[in-house]
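Asks: Okay, handing you the structure first.
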Amino acid sequence: MARFLHVADVHLGFDRYDSKERTRDFYEAFQDALYRYAIADPVDFVLIVGDLFEHRTIQPNILNQAQLCIQELEEAGIPVLAIEGNHDNRPYGTRTSWLRYLAEWGNLILLEPGDVSGGEPFYAPWDPEEKRGGYIDLPCGVRVLGSHWYGATASQAIVQIAGAIRELPPGPPNTVMMFHHGLEGQIARYQGALRYNELLPLKEAGVDYLALGHIHKSYSEGGWVFNPGSIEANSVEETNFDRGVYLVEIDTEGVRAELKQDYQQRPIVRLRHRVTEKETMEEVEQGAIAILEHATHSGYLRPDTAPIVELRIEGNIGFNRLDLDVRQLKSDLQEKSNALIFLLKFEAEQTEFESYVPDGADRQHIEREVFLDFLSASAAYKKRATELAQGLIHLKGYQLDQRPESELYTFVENLLTSEGRQDPDGGR
């Protein structure tokens, strides 16, 4: 029986939120997962099925993170086998990448098909001297095959790969293949995913365990296709996914794969605050704070963990969206939650009113309806909209009559602070 760890989509160097602490999260999650499930109870080998790095071009400290993790496996006598993914594959027209660099230095075994157009066999055995090859037969009784990142041509590549597998000499009793691509139906808005039937030529060619990557959600199909998902969540939306690493046992009796998720990860908390047009801007702000406090008191949000927090404000508002200082509110909420990153999504819609204006209505009637629309959309003035609309019409008339500014200010003050004082001409 052979035991191995299946890892994919590590994304070392992740920098989406421009946070050094968040970038380090991906390294610490990778390191902890390797220690817990590959080193503490040693496996025979580790698979990295694409996207070890977030970018094709990486900083020295990110390369150092990869080397430190792999070195710990080397010291435990555990070989690391890898393929490139779409994030870290070599740029078009070049023959090198950072994974190739790690292979050249003996840090890992990069399994790649040969250049058939250049006269190379599609699958050549791994050459430890040349540091090249498309497959390797391990002492634990497993043959491991590599592949490229094929993108939109993956379905055609599978046919070629299956044919090449059939031409290989007999090997160990179990065959594992690494393939960085996704199956359809696993996540929304993913173009170019493979159908399950398109993978079957690999099974028919003798693949017992197809190790996938690319999609950041864990799934399995048919008892032989497995995708662990990403090591860390690349976005707050991915907190809804099961993801982790697969600890696998394989022998002539079959495959037993267990998803492992108990390793160091940054907590991510998603909250929602629904508002109505009846609430003032101050009430909306206080409601957002109350949502945060409730999540803290219930234990769902733990400030001591410096989590990533997302708060969505949804619904309808009765004030101008631009009047809310979103930046200041976000700062206040981040401080209260002790969040490493606070994402405030202000998605509430401003309530719009449109009064019916009959054909032939006079100018004063139209003006009053326009004022009513604006005032009715404000939580602060909605209850007195009719009175205030009439007051604004009076105010316009007084200004056209060139009344003194002091008189106009007095009128506005009386209008806003009273329940209907007499205007200068005795009207309401």
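Asks: Please list, ordered by residue number, the strands (runs of 3 or more DSSP E) wholly in segment 234-276 having 2 or more residues that are among the basic types (Lys, Arg), out of contact with any Ser or Thr (no Cβ under 9 Å at 6 or more places or on another chain) and in the same structural domain as Ala339 (by TED's automatic domain parsing).
Replies: 268-275
Asks: Please find, within segment 230-245, the residue that is surrounded by the most Cβ atoms within 10 Å (Cβ to Cβ) out of those that are aliphatic (A, V, I, L, M) and within 15 Å of Ala8 (Cα to Cα).
Replies: Of all residues in segment 230-245, those aliphatic (A, V, I, L, M) come to 231, 233, 236, 245.
Checking which are within 15 Å of Ala8 (Cα to Cα) leaves us with 231, 233, 245.
Working: Ile231: 30, Ala233: 22, Val245: 28.
So, considering only residues that are aliphatic (A, V, I, L, M) and within 15 Å of Ala8 (Cα to Cα), the one surrounded by the most Cβ atoms within 10 Å (Cβ to Cβ) is Ile231.
Asks: Within segment 76-99, identify whether any single residue is small (Gly, Ala, Ser), within 15 Å of His148 (Cα to Cα) and more than 24 Å from the chain's Cα centre (by Cα), and answer yes or no.
Replies: Within segment 76-99, one or more residues are small (Gly, Ala, Ser), within 15 Å of His148 (Cα to Cα) and more than 24 Å from the chain's Cα centre (by Cα).
Asks: If you go through segment 89-100 one residue at a time, do you hit one that is of a type in the set (A, V, I, L, M, F, W, C), out of contact with any Ser or Thr (no Cβ under 8 Å at 6 or more places or on another chain) and closer than 29 Å to Ala157 by Cα?
Replies: yes
Asks: Residues that are within 30 Å of Lys20 (Cα to Cα), modelled with pLDDT under 95, not in a helix (DSSP H, G or I) and not assigned by TED's automatic domain parsing to the domain that holds Ser19: does segment 308-321 have at least one?
Replies: Checking segment 308-321: not a single residue is within 30 Å of Lys20 (Cα to Cα), modelled with pLDDT under 95, not in a helix (DSSP H, G or I) and not assigned by TED's automatic domain parsing to the domain that holds Ser19.
Asks: Kindly indicate the residue of segment 397-419 that is assigned to a loop (DSSP other than H, G, I, E, B) and under 22 Å from Tyr381 (Cα atoms) and also modelled with the lowest pLDDT among those meeting that condition.
Replies: Glu419
Asks: Whether any residue in segment 324-343 is touching a His at 6+ places or on another chain (Cβ under 9 Å), closer than 17 Å to His273 by Cβ and of a type in the set (Gly, Ala, Ser) is what I want to check.
Replies: So far as segment 324-343 goes, no, none of its residues is touching a His at 6+ places or on another chain (Cβ under 9 Å), closer than 17 Å to His273 by Cβ and of a type in the set (Gly, Ala, Ser).
Asks: Taking the stated definitions as given, is Leu102 surrounded by 16 or more Cβ atoms within 10 Å (Cβ to Cβ) and either more than 19 Å from Asn227 (Cα to Cα) or among the basic types (Lys, Arg) (or both)? Before you say what the answer is, go through the steps one by one.
Replies: On the way: surrounded by 16 or more Cβ atoms within 10 Å (Cβ to Cβ): yes; either more than 19 Å from Asn227 (Cα to Cα) or among the basic types (Lys, Arg) (or both): yes.
Yes.
Asks: Okay, next question. Which residue out of Ile70, Ile62 is in contact with a Phe, Trp or Tyr (Cβ under 9 Å, 6 or more places away or on another chain) and among the aliphatic types (A, V, I, L, M)?
Replies: Ile62
Asks: Please specify each residue of segment 166-181 satisfying the condition of being over 17 Å from Ile83 (Cα atoms) and either in a helix (DSSP H, G or I) or under 33 Å from the mean Cα position of the chain (by Cα) (or both).
Replies: Arg166
Asks: Name the residue that is nearest to Ala339 (Cα to Cα), counting only residues in segment 13-45 that are without any contact (Cβ under 8 Å) to a residue 60 or more places away in the chain and buried (at least 24 other Cβ atoms within 10 Å of the Cβ).
Replies: The extreme case among them is Leu34.
Asks: If you don't mind, another one. Would you mind finding the one in Ala188, Ala193 that is touching a Gly at 6+ places or on another chain (Cβ under 9 Å) and either surrounded by fewer than 19 Cβ atoms within 10 Å (Cβ to Cβ) or under 28 Å from Gly141 (Cα atoms) (or both)?
Replies: Details: Ala188 fails: touching a Gly at 6+ places or on another chain (Cβ under 9 Å).
Being touching a Gly at 6+ places or on another chain (Cβ under 9 Å) and either surrounded by fewer than 19 Cβ atoms within 10 Å (Cβ to Cβ) or under 28 Å from Gly141 (Cα atoms) (or both) holds for just one of Ala188, Ala193, which is Ala193.
Asks: Does Glu349 satisfy being exposed (fewer than 15 other Cβ atoms within 10 Å of the Cβ) and at pLDDT below 80?
Replies: no
Asks: Sticking with this one: Over 30 Å from Ser19 (Cβ atoms) and modelled with pLDDT of 75 or more: which single residue out of Gln390, Gln422 fits that description? Let's see the steps before the verdict.
Replies: Values: Gln422 fails: modelled with pLDDT of 75 or more.
None of the other options fit; the residue is Gln390.
Asks: If you don't mind, another one. Kindly indicate whether any position in segment 54-68 is surrounded by 19 or more Cβ atoms within 10 Å (Cβ to Cβ), in contact (Cβ under 8 Å) with a residue 12 or more places away in the chain and closer than 26 Å to Ile158 by Cβ.
Replies: no
Asks: Pick out the one residue from His6, His11, His87 that is under 22 Å from Pro139 (Cα atoms) and touching a strand residue (DSSP E or B) at 6+ places or on another chain (Cβ under 8 Å).
Replies: Selected residue: His6, the only one of His6, His11, His87 that is under 22 Å from Pro139 (Cα atoms) and touching a strand residue (DSSP E or B) at 6+ places or on another chain (Cβ under 8 Å).
Asks: Out of (1) part of a loop (DSSP other than H, G, I, E, B); (2) more than 27 Å from Ser155 (Cα to Cα), what's the single condition that is false for Ile231?
Replies: (2)
Asks: Please go through segment 107-127 and pick out each residue that is modelled with pLDDT under 95 and exposed (fewer than 11 other Cβ atoms within 10 Å of the Cβ).
Replies: Ser117, Gly118, Gly119
Asks: Now for a separate question. Counting only residues that are among the small types (Gly, Ala, Ser) and part of a helix (DSSP H, G or I), how many does segment 326-353 have?
Replies: Looking only at that region, the number is 2.
Asks: Determine which member of the set Leu200, Leu212 is in contact (Cβ under 8 Å) with a residue 40 or more places away in the chain and not in a loop (DSSP other than H, G, I, E, B).
Replies: Working: Leu200 fails: in contact (Cβ under 8 Å) with a residue 40 or more places away in the chain.
Only one candidate passes the filter, namely Leu212.
Asks: Taking only pairs six or more apart or across chains, which ones have beta-carbon atoms under 7 Å, a first residue in segment 235-246 that is modelled with pLDDT of 95 or more, and a second residue that is among the aromatic types (Phe, Trp, Tyr)?
Replies: Val245/Tyr37; Tyr246/Phe226
Asks: Test Gly299 against the stated conditions and say whether it is at positive phi and out of contact with any helix residue (DSSP H, G or I) (no Cβ under 6 Å at 6 or more places or on another chain).
Replies: When the stated conditions are applied, Gly299 passes them.
Asks: While we're looking at this one, here's another question. Just checking, which of Ser235, Ser230, Ser220 is under 27 Å from the mean Cα position of the chain (by Cα) and over 22 Å from Glu54 (Cβ atoms)?
Replies: Being under 27 Å from the mean Cα position of the chain (by Cα) and over 22 Å from Glu54 (Cβ atoms) holds for just one of Ser235, Ser230, Ser220, which is Ser220.
The values are calculated or read from the model by the stated rules, or taken from the named source; none is laboratory data. Remember, it's a predicted structure, so these values are computed and weren't measured experimentally. With ideal geometry, Cβ positions are generated from the backbone for all residues, glycine too; neighbour counts draw on all protein chains shown.
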